[in-house]
1. Which condition does PRO308 not pass, out of (1) modelled with pLDDT of 95 or more; (2) outside any helix (DSSP H, G or I), if it passes all the others?
2. Within the range 324-352, take every residue that is touching a residue at least 40 places away in the same chain (Cβ under 8 Å) and among the aromatic types (Phe, Trp, Tyr) and give me the one that is nearest to ASN365 (Cα to Cα).
3. Would you pick out the residues in the range 469-499 that are among the hydroxyl-bearing types (Ser, Thr, Tyr) and under 18 Å from ILE434 (Cα atoms)?
4. Which residue, of PRO474, PRO540, PRO516, is free of Cβ contacts under 8 Å to residues at least 24 places away in the same chain, in a helix (DSSP H, G or I) and of a type outside the set (Val, Ile, Thr)?
5. Among THR285, THR293, which is surrounded by 15 or more Cβ atoms within 10 Å (Cβ to Cβ) and within 22 Å of PRO339 (Cα to Cα)?
6. Out of GLY231, GLY218, report the one residue that is touching a residue at least 40 places away in the same chain (Cβ under 8 Å), closer than 22 Å to GLY454 by Cβ and not assigned by TED's automatic domain parsing to the domain that holds ASP135.
7. Kindly evaluate ILE434 against the criterion of being in contact (Cβ under 8 Å) with a residue 40 or more places away in the chain, among the β-branched types (Val, Ile, Thr) and closer than 20 Å to ALA242 by Cβ.
Amino acid sequence: MASASSSELDPIEQEIVDHLFVLQPAYAVALGLHAYDGRSPDLSRAATERWASEADRLLGQLDGIDPQGLSGARQIDRLLLRLLLESPLFDLRDARELDRNPLAYVGNFSLTSYLARDYAPAPERVAAMTRILADAPALLSNGRRRLTDPMPRPFVDLALTMAAELPSHFGEAEQFATPLGLAGPVREARAAAERALAEFVAWLKEQQPRASPEFALGSPRFQKLLFVREGIEAPFAELRDAGTADLRRNQARLNEIARAAGRSPADLIGALALDHPGAGDILATARGFVEETRAFVIAQDLATIPTPSSCRVEETPPYSRAWTTASMNPPGPFDTKTPEGIYYVTLVDPSWSPAQQEEWLRSLNRPLLRNVTVHEVYPGHYLQFLHFRASSGSLARKVYISPSFSEGWAHYTEQLAIEAGLGAGHWASEVAQIHDALLRDCRLLASIGMHTDGWSVARATELFRTEAHFEQLPAEREAVRGTFNPEYFCYTLGKLAILNARRRFLDAKFHGRLRPFHDALLGAGAPPVGLIDRIVELAPAPS
């Protein structure tokens, strides 16, 4: 193996990133690379086999670069480039997503980036949406040819739910284009897309009675998933033990708060729901929490807030309402026009019964909504992406987004905020934070149990019900999510990795100061959590 320099990594770095975006153009758009606007992937078997073959060639070329000739930072970049190829190869070959999961097809039609972000003149964004819609028939046709019977039942059921929301989402594009006098092409493309979608849904419903209860990855694939997504080589049993320990720690703290209040843990969690905004006040309440948490980060010196910064609060788009309570649409690391983030919150549906509306409002109680705002905005996802956008990292680091680092950071900040005194020490704030932490602990344990140890959905449901104090319906919903999204282990996995790094480095390298430690973490982008310790070691010490 020849010695290498950082410059020898540069050409293949660009080549690997370009190749990734052939298969995942929507990911490029989300990062702020708008040369990929309006592109859809070719998901035919022949096209993805060609893609995989070229990925194999690039991996061989990457393996030919001796890491010992690279700087420490570029050694990390070399691994990131490897994972950028091995991760989609895992999806194609090991998980067989395009052969067994209809979500891989109906999940390709989000237009939110074009509708919500004013990054380019409106006619250009309309043209991009029109191309997405025009490509829908071919993409869905490939799905019908590739998906094999039987498919896992949870995958089929959610794909049908998601597909039912798509026509109204397509309609948003036509509504956006109408004032511009550009509705005609959108209407034509939309009609073809909806016909193809209706055919796909009818075909999928024909397969539904034969859908299989089998969904698990199995132990070898689960272990490989941990590496290709997060660079983790530790046995998943160690992660299960760490998740169990965190669950017990959070339960012990909840019991301690309950004893001090003379109530049961379930009573405290139930009491949170009584303090909720009215249906017309949700967005205003969320906006107030955005301002409160921003001021809190500054006052407690928790992290630097890059300038300029601006986050607006909006209602969740119809396309995402079915499975999203709140979310963040951040500026991508390559976005240059605006740093604005969009904090989406799902409102009451006027078509719901009064009982359903009240149930939703109770689930968006003020202590919980404040905790969600910490997670989504300050010092969570929005702050994280402001740093990501401002960082001067390599191309590999600008492109690689680890789910466990991204969600782990946001989940970690929930605990951080309570440690720093958010909520003025009232028990409700900490109980809301712990309730969410129990949920994330159970997600990690359910994921490992269902995908490596033969757990049924019913057993996972019972875990959420008994260990995280969830009612039967939301507990079952969480269990089902783990069948098609095993990576919802990412919240606790990432949080624990960050806490471990904090214990190791905060005093030794950062003199006990949280802001420089957090800034060093956020300045690294969103790397695989298996590399966090190495990245912090390489970060310059604060002056």
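1. (1)
2. TYR343
3. TYR488, TYR491, THR492
4. Numbers: PRO540 fails: in a helix (DSSP H, G or I); PRO516 fails: free of Cβ contacts under 8 Å to residues at least 24 places away in the same chain.
Answer to the check: PRO474.
5. THR293
6. Result: GLY218 is the single residue among GLY231, GLY218 that is touching a residue at least 40 places away in the same chain (Cβ under 8 Å), closer than 22 Å to GLY454 by Cβ and not assigned by TED's automatic domain parsing to the domain that holds ASP135.
7. Answer is yes for this residue.
Yes/no per residue for (1) over 22 Å from ARG153 (Cα atoms); (2) of a type in the set (Phe, Trp, Tyr); (3) in contact (Cβ under 8 Å) with a residue 24 or more places away in the chain; (4) out of contact with any Ser or Thr (no Cβ under 6 Å at 6 or more places or on another chain):
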{"position": "ALA192", "(1), (2), (3), (4)": "yes, no, yes, yes"}
{"position": "SER212", "(1), (2), (3), (4)": "no, no, yes, yes"}
{"position": "LEU225", "(1), (2), (3), (4)": "no, no, yes, yes"}
{"position": "PHE236", "(1), (2), (3), (4)": "yes, yes, yes, yes"}
{"position": "GLN251", "(1), (2), (3), (4)": "yes, no, yes, yes"}
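The values are calculated or read from the model by the stated rules, or taken from the named source; none is laboratory data. As the structure is a prediction and not an experimental result, all values here were calculated from the model. Cβ sites come from the backbone with ideal geometry, for glycine too, and all protein chains shown count toward neighbours.
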